Ligand SMILES: Cc1cc2nc3c(=O)[nH]c(=O)nc-3n(C[C@H](O)[C@H](O)[C@H](O)COP(=O)(O)O)c2cc1C
């Protein structure tokens, strides 16, 4: 990170696995100008994913988070559920309503359909993206409370 900070003149935003103020402070000390956080905010009252999606997060253990390839070949971290196992075993059937929306899609599964399924609670037929430290978060909180904790935790860290 310090090398990247020196090499570029634009703001440097650190992302991936940051779940608390300690993590934010560490990134700032290393030269980041800010952070991007996703997983911590999925486990908020306000996040509109289904209750089952959040429950899968809360139940997740370290080894449940795996790197998958999207149908366009991009890697992403997801919780290894029934659907991911089926993709790994080549058991997912071609999505019947596929309209070829993405030209470079391998069509091994429909990511749009799978993400919608997970968001709406059909977890067994969905992709549940999650950060690598999801297993460390064990509560669903209001966003206001998450921010207030993050601020106090950053303040408690050395600059
Ligand atoms: C539920 C979820 C959905 C995401 N969707 C996208 C996406 O559509 N495009 C993208 O570039 N990154 C996506 N990400 C990655 C985040 O933007 C972010 O860079 C990364 O997850 C940060 O790590 P964290 O989740 O450990 O905080 C997603 C992450 C999560 C957890």
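What follows is calculated from the coordinates using simple rules that are stated; it is not laboratory data. Predicted model only: the values in this text are computed from it and were never measured. Don't worry about glycine lacking a Cβ; one is built from the backbone with ideal geometry, like all the others, and counts go over all protein chains shown.
Highest mean first, the peptides 97-107, 69-79 sorted by other C-beta atoms within 10 Å per residue fall in the order 69-79, 97-107.
Cα-Cα pairs above 15 Å in the range 46-139: how many percent? I get 59 percent for the Cα pairs in the range 46-139 exceeding 15 Å. Considering only beta bridges that DSSP places wholly inside the chain, some 60 percent are antiparallel. Against the compact-protein benchmark of 2.2 N^0.38 Å, the Cα-based radius of gyration of the chain scales to 1.18. Averaged over residues, the count of other Cβ atoms within 10 Å places the peptides 55-61, 124-130 in the sequence 124-130, 55-61, highest first. When Rg and Dmax are taken over the Cα atoms of the range 106-147, they come to 13.8, 42 Å. Entry note, the chain: relative contact order of 31 percent, from Cα contacts under 8 Å with a spacing of 6+ residues.
For the range 46-139, calculate the relative contact order in percent as a whole number, restricting contacts to Cα pairs under 8 Å that are 6 or more residues apart. Relative contact order comes out at 40 percent. Annotation: the residues 152, 50, sorted from fewest to most other C-beta atoms within 10 Å of their own C-beta, follow the order 152, 50. Our helix-only sum for the chain, with -39,500 (n - 2.57) per DSSP H run of n ≥ 4 divided by its residues, gives a mean residue ellipticity at 222 nm of -10000 deg cm²/dmol.
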